[in-house]
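Asker: Can you read through this structure? Questions will come right after.
Values in this text are rule-based calculations from the coordinates and carry no lab data. For clarity, every value in this text was computed on a predicted model and none was experimentally measured. Cβ: placed from backbone, ideal geometry, glycine included. Neighbour counts: every protein chain shown.
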Amino acid sequence: MRGVIKFIVALLLAAVSLVTYWCNTQENEFTGESQHVDMTVDQEIALGLQAAPQMAEQYGGLHADREAAQSVKAIGQKLVQNTKAGTTPYTFDFHLLADEQTVNAFALPGGQIFITAGLLKRLSSEGQLAGVLAHEIGHVVARHSAQQLAKAKLTQGLTGAAAIATYDPENPASRGGAVAAAMVGKLLTMRYGRDDELESDKLAVQLTGASGYDPRAMIEVMRILEQASGGAGGPEFMQTHPNPGNRIAEIERAIQETYPNGVPEGLQQ
């Protein structure tokens, strides 16, 4: 009888998680895609502003070089003001982090965008920096964080249901089923992350070109990232980000689709 009750509870939890996820659908005005999200744009902005100080602290705070920081802000705002990103309700702000060792850039929901000094010093042109920042703008306008939160809630609900259905406190061996379910959930979440990265690369091609930057500079950025990772970081399947070498092919494809007659001359590298 206890097993039947556990099974029913697990089914109910899974059903609620699925219904909640699939019923929370909004159309993204920037991409035109239908997305499963369960927060408003205002909530995204508030969440990003709340998390920004703590995220900066993890990377040693903001960089003391005001000139470099202002350059990051200026290029970021140029990308926003010259593209559809400027018509969105997001309030974009760009920050240079003090960490000289870590090679990273990331975006919080709502428009707070960060790049480490460790990545900036590896870049050799304004076009490359524009490519990095445009990629992060892509994450914001595509609402990837909101999507990830909704998917995480779904995954948590389903793995919780699986754990309830398989775990027996009187049989320690049954814990393996719960652990396996949690691992599947983690892999699913990682897969979403890679898809988001590739979509942001495509959006960055559009954003850079519309702002006067040559999107081909992003290809060199991928080579820089690949070199920074030593050329490999384990199998791509187990990585949060796609392998930079594989991203190059996707970026080249996106450039061809955006500029079928060739990239216009005069764009800034």
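Asker: Run the numbers for A74 and F106: contour at 0.36 nm per residue of separation, minus the present Cα-Cα distance, in nm. Kindly include the intermediate steps, with their values, before the conclusion.
Answerer: Numbers: separation 32, 0.36 × 32 = 11.52 nm, distance 1.73 nm.
So the extension gain works out to 9.8 nm.
Asker: Oh, and also: Order these by the 10 Å Cβ neighbour count, fewest first: L267, L129.
Answerer: L267, L129
Asker: Next up: Net charge near T116: determine it from the other residues with C-beta under 11 Å of the C-beta of T116, scoring Lys and Arg +1 and Asp and Glu -1.
Answerer: Numbers: positive: K121, R122; negative: D99, E100.
That sum, taken over residues with Cβ under 11 Å, equals 0.
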